[in-house]
Amino acid sequence: MLFLAPLFWATSNVTGKLGKAWLSPYAFTFWRWLLATALLSLLFRRQIRADWPQLKARAGWLFVVGGSGFALFNVVLYGAFARGASVVNVSMITALIPLAVLLVDVGFLRGRAHPLQWLGGRCRLSACCGW
């Protein structure tokens, strides 16, 4: 199952590059998340029903976090394709996000990283940049 996340991200990047002629970054993000929401709601409807009181109580927070995180990231991603960025460059930047989160956590938020996290960051740099 670990191969699914990179497969979905790669598919998203290639689709975003190919779809730039037909949809704006905003429309692409809207339709992508509308379809994902419909599919996930259908697949996990029992769990959603069971968790509905908690979801409803935090609806505003979920909307803000989801809207600012997922949607904004995708608008920027698809906007890069609309401006001519290559799939390889966008994929490399996307792959380095977990390392950037680790560095912000340790550097600014005073978090502690496990040695395996540093090893994972080193492997990510090696895979993306050949370091």
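The values are calculated or read from the model by the stated rules, or taken from the named source; none is laboratory data. Worth saying up front: this structure is predicted, and the values here are computed from it rather than measured. Cβ: placed from backbone, ideal geometry, glycine included. Neighbour counts: every protein chain shown. Keep in mind that these areas ignore ligands, DNA and RNA; they rest on the heavy atoms of the full protein, side chains included. Shrake-Rupley method; radii C 1.70, N 1.55, O 1.52, S 1.80 Å.
Worth pointing out:
- Surrounding net charge for LYS17, when Lys and Arg each add one and Asp and Glu each subtract one, Cβ distance under 15 Å: +3
- For region 23-124, carbon and sulfur atoms together expose 72% of the accessible surface, with a 1.4 angstrom probe and every protein chain in place.
- Per residue, the convex hull volume that the Cα atoms of the chain enclose (Å³): 158
- Estimated translational D of region 18-73 in µm²/s (Stokes, Kirkwood radius over Cα pairs; 4 °C; 1.567 mPa s): 101
- Calculated accessible area for region 54-124 comes out at 72 Å² per residue, all protein chains present (probe 1.4 Å; ligands, DNA, RNA ignored).
- Along the chain, longest interval not containing exposed trypsin sites (Lys or Arg not before Pro), exposed being DSSP loop plus at most 15 other Cβ atoms within 10 Å: 1-57
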